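Remarks on the structure that follows.
The values are calculated or read from the model by the stated rules, or taken from the named source; none is laboratory data. The structure presented is a predicted model; accordingly, all values stated were derived computationally and were not measured. Ligands, DNA and RNA are stripped out before the accessible areas are found, and what is left, the full protein with its side chains, is counted by its heavy atoms. Shrake-Rupley method; radii C 1.70, N 1.55, O 1.52, S 1.80 Å.
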Amino acid sequence: METTAFETGMPVYDLATDKVGEYQGKVGPRAMLRPVGGGREWEADPARIRPATREEQLAAGVRAANARSRGGSVTAPDLEYLGRPPAPVAGCAECEELAVRRAQARAEFDGSAETDANVLLRQHRRREHHDASDGRRIFRFVPFSIVQDASAEPEYEAHCVSGDETDCAATSGPCGTPTEVEEWQRRHTQETRHTRYRRSFVDYAVLARQPVR
Ligand SMILES: [Zn+2]
Ligand SMILES: [Zn+2]
């Protein structure tokens, strides 16, 4: 099988581990991938990786943000739901792209996609523009952090909204990964020729009191 050329830092999907990683280059015949948000690199078969879809990148970014908040340190993602939506930094292409994605989510009344875009934009602002103001400002007034409930797995779900008069309303049911949802969608489309879905991402959050600094 012919292998595609990947650029360093490109988010790729590894079929063997069902994970998204940033492409780091090749070591011998193996491709090195690094988890989104950092962590230990892993080796992948170059023939079994492909560029990650937008949805996969989004899910990986949210997971990384959640993993950080589980670690106990209070960072901006913990305070996401209390904060004002982050603003894009003028002239930055990545900010722009996330702002566009957020606007699209708003236009489609997709609250979870809008939240995801906010999480990623805030994360990107902190990483690329060294911005910590949002989280800190809120932290002073609200001595709680919102942490993902580690005892409950996040859920991904798709509802079929195809149909002329009424929606078909078939659902994938809660799934543990975006991939399962996509597989269900492909199957459902094959069986019914339905092509429109509403998708949602759900997680559980708990409020934890923070010591006042
Ligand atoms: Zn930016
Ligand atoms: Zn359907």
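Before I look further, what does segment 11-51 give for accessible area per residue, probe 1.4 Å, in whole square angstrom?
Numbers: 2190 Å² over 41 residues.
Normalised by residue count, the accessible surface of segment 11-51 is 53 Å².
For segment 1-54, rounded, prolate or oblate, judged on the Cα gyration tensor with a ≥ b ≥ c (square roots of eigenvalues), a/c < 1.5 rounded, else prolate if a/b > b/c?
On the way: a/c = 1.44, a/b = 1.22, b/c = 1.19.
Since a/c stays below 1.5, the shape of segment 1-54 is classed as rounded.
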